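As structure tokens, the structure follows; a few thoughts come after it.
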Amino acid sequence: MAFTHDAIEAGGTVPPATVKVWDPFVRLFHWTLLTLFVVAFVTGDEIEGVHIAAGYGIATLLALRLAWGVVGPHHARFSSFVRSPRDVLAYLRDVANLRAPRYLGHNPAGGAMIVALLAALIGTAVTGYMMTTDAYWGAKWVEKLHEALAHGTLVLASLHVLGVAASSLLHRENLVKAMWTGRKRSS
């Protein structure tokens, strides 16, 4: 009996074309957060009840994601993707030189973007809540900070989309599809 297929491993199994990377919670968090942020951003002062409800939804998601970043599966944990600034800059240099290595989970720049987005969103949620309290009701500096953080989040999200597009092109893989399906090619 002769084996003619090079992809067959010991034990006679063919390796999977894709592997699970993003668990259902991370994927649901990602797309729900995007939806709620868009709702909160476009409603603003116009539809206050919807804006506040979306803000509380975002705050709840953030609390759950922070916990999941500690106890969730490997690729969801902060310890698997938060890198030093030196590592992030080295990775960005490699991207500029079109020789950045592919990561199964988040690359160093992606990890830094997650931290930046979480920080901006937490700041936005906290200042939004502050504006509903007696102590900060009508405080213009809180309102201005809230708006600045929301606009900063929009800028970060735009950079995130550009980074996803660049990484998808550089490594010839559809990262948006991976965030829907939870799967990426194994190599």
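Remarks
- Only aspartates and glutamates eight or more places from K184 in sequence, or on another chain, were considered; those with a Cα closer than 15 Å are D23, E173.
- For K184, residues with placed amide H under 5 Å, excluding near neighbours: V19, V21
- Spin-label pair M179-V155: with each label point 7 Å from Cα along the Cα-Cβ axis, the two points sit 2.0 nm from one another.
- Dipole of the chain, positive end: most advanced residue of T43, G110, A17 [Cβ charges, Cα centre]: A17
- Solvent-accessible area, 1.4 Å probe, carbon plus sulfur percent, for the chain: 68
- The Cα-based radius of gyration of the stretch 70-187, divided by its Kirkwood radius, gives an Rg/Rh of 1.07.
- Hz values of 3J(HN,Hα) by residue in the stretch 162-167 - Karplus curve (6.51, -1.76, 1.60), Gly and Pro given as x: 4, x, 5, 5, 4, 5
- The magnitude of the dipole of the chain, with charges of +1 and -1 set on the Cβ of Lys/Arg and Asp/Glu and taken from the Cα centre, is near 720 debye.
- Spatially proximal lysines relative to K177 (Cα-Cα < 22 Å; intrachain offsets below 8 disregarded): K20
The values are calculated or read from the model by the stated rules, or taken from the named source; none is laboratory data. Computed from a predicted structure; not experimentally measured. Please note: Cβ atoms are built from the backbone with ideal geometry, for glycine as well, and neighbour counts cover all protein chains shown. For the accessible areas, the whole protein counts, side chains as well, though only heavy atoms, and no ligand, DNA or RNA atoms are used. Shrake-Rupley method; radii C 1.70, N 1.55, O 1.52, S 1.80 Å.
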